[in-house]
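Structure, as structure tokens:
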Amino acid sequence: MVNIYDTANQLANDLRETQQFLALKEVMDAVKADEGSLALFKELDAAQMEIMEAQQTGKELTEEQQDHFKSLNERVSQNTTLQSMLLAEQAVYTLLNDVQKNIGQPLSKAYEDLRKA
């Protein structure tokens, strides 16, 4: 019998060796090496968590929070190191989405067959 968790663990290990992931790790190292970029990343990360928490609890963001996030996004857009990281992150998520489509294909096919029955 197949142990799908072994396959998932192997997939996680393989992900670490992809060009996309290695590129992301490289640019993350560049962010760590630049104090300004790292501080800006941490500020962005905290703001994103704040927004996610508000969304999950159904709270509206205050005008002050919205203004802060807008200003933060402008500063991030001007930071080439963070922009490189965000592009590399997007490439990893594109890869993961492609893999997810492949993994989900048996289930999609099963439902497609059921609909045709």
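The values are calculated or read from the model by the stated rules, or taken from the named source; none is laboratory data. Given the structure is predicted, the values throughout are model-derived calculations rather than measurements. Note: ideal-geometry Cβ built from the backbone for every residue, glycine included; neighbour counts use all protein chains shown. Ligands, DNA and RNA are stripped out before the accessible areas are found, and what is left, the full protein with its side chains, is counted by its heavy atoms. Shrake-Rupley method; radii C 1.70, N 1.55, O 1.52, S 1.80 Å.
Worth pointing out:
- The range 74-91 residues near the modelled A33 label - backbone nitrogen below 20 Å, point 7 Å along Cα→Cβ: 79-89
- Modelled FRET efficiency - R0 30 Å, R75 with Y111, Cβ distances, 0.05 increments: 0.10
- For the chain, the relative contact order works out to 35 percent when only alpha carbon pairs closer than 8 Å and six or more residues apart are counted.
- Straight Cα distances below 17 angstrom link K109 to the lysines K101, with same-chain residues fewer than 8 positions distant left out.
- For the chain, the spread of Cα positions along the three principal axes, ordered from largest to smallest, is 55, 36, 21 Å.
- What the Cβ-Cβ distance of D45 and E17 gives, at R0 = 35 Å and to the nearest 0.05, is a FRET efficiency of 0.85.
- Helical content alone sets the calculated 222 nm signal of the chain at -30000 deg cm²/dmol, taking -39,500 (n - 2.57) per DSSP H segment of four or more residues and averaging over every residue.
- Note that the chain presents 80 Å² accessible area per residue, ligands and nucleic acids not counted, probe 1.4 Å.
- Cα gyration tensor shape of the range 52-117, rounded if a/c is under 1.5, else prolate or oblate by comparing a/b with b/c: oblate
- Under the convention that each Lys and Arg Cβ holds +1 and each Asp and Glu Cβ holds -1, the size of the dipole of the chain around its Cα centre is about 560 debye.
- Listed peptides 42-51, 18-27 appear in the order 18-27, 42-51 once ranked by packing, highest mean of other Cβ atoms within 10 Å at the front.
- Peptide packing: for 60-70, 30-40, the average count of neighbouring Cβ atoms within 10 Å per residue gives the ranking 30-40, 60-70, highest mean first.
- Gyration tensor (alpha-carbon) shape descriptor, the range 21-76, a/c threshold 1.5: prolate
- Surface composition of the chain: carbon plus sulfur atoms contribute 54% of the solvent-accessible area (1.4 Å probe, protein chains only, all chains present).
- By the rule of a C-alpha distance below 18 Å, with chain neighbours fewer than 8 residues away ignored, the lysines paired with K32 are K42.
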